[in-house]
Amino acid sequence: MFKTAPTVILPNVEDRPVVGTYATAEQAQKAVGFLAGNGFPVERAGIVGHGLRQVDTVLGRATALRAAGAGAATGVWFGLLVGLFMSLFVGEQGQALPLMLGGMLYGAIFGASFGLMTHLGTRGSNHGVVFRQSIVADRYDVVADAQVADDARNLLVKHDWRSGPA
């Protein structure tokens, strides 16, 4: 009745030789992009981060006004979408704009209400501070299957020569 997705078995990254090491994820991604742009089979490569750590960036205080504003903004988009779909099923010409504007208005009201209720419900957590969490690594290794590692290494030497040291 239900079909399951095929299982993809990836090679163990520890068994793949390192062909390049970079200080940031963006540099490693650009290196893999360079490999792809030069015809390398990038499905045989990967990026491994070492020395992972979680970084919490403080975005500011969570205020009732900020929560209501974020909820209203989300509600406007949802209301616009609902209004747009409703206008597709209304037979009369000229009804699309009022339906979309009405949807945006109601969406803003309900979104602001839900945002404010959520803020008031979680008031004690984190002392009203908003964080963004990310995972970063000390270094990023580009790895490749052993059969194509030399090709990748040779291409990355050209990439590093063009873009400067990592």
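Computed values, structure above
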| item | result |
| --- | --- |
| Burial ranking of peptide ranges 36-44, 68-76 (average Cβ count within 10 Å, highest at the top) | 68-76, 36-44 |
| Unit Cα scatterers, Debye sum, the stretch 59-133: log10 I(q)/I(0) for q = 0.13, 0.23, 0.28 Å⁻¹ | -0.47, -0.89, -1.10 |
| Extension reserve of the Leu120-Gln133 stretch, reckoned as 0.36 nm per residue once the Cα distance is removed | 2.5 nm |
| Folded to 0 to 90 degrees: helix 96-121 orientation relative to the chain principal axis, Cα | 80 degrees |
| Phi to ³J(HN,Hα) by Karplus 6.51 cos²θ - 1.76 cosθ + 1.60 over the stretch 78-85, Hz, x for Gly, Pro | 5, x, 4, 4, 5, x, 5, 5 |
| Among (i) 116; (ii) 142; (iii) 262, the entry that matches volume of the Cα convex hull per residue in Å³ as calculated here | (iii) |
| Crossing angle, helix 25-37 versus the chain [Cα axis fit, 0-90 degrees, rounded to tens] | 70 degrees |
| Estimated inter-spin distance, Asp150 and Arg61, nm [label 7 Å along Cα→Cβ] | 6.4 nm |
| Cα long-axis angle, helix 149-163 against the chain (0 to 90 degrees, to the nearest 10) | 70 degrees |
| The chain: relative contact order as a whole-number percent, Cα under 8 Å and 6+ apart | 42 percent |
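Read-outs: derived from the displayed coordinates by stated rules, not from any lab. Quick caveat: nothing in here was measured; it's all calculated off a predicted structure. Please note: Cβ atoms are built from the backbone with ideal geometry, for glycine as well, and neighbour counts cover all protein chains shown.
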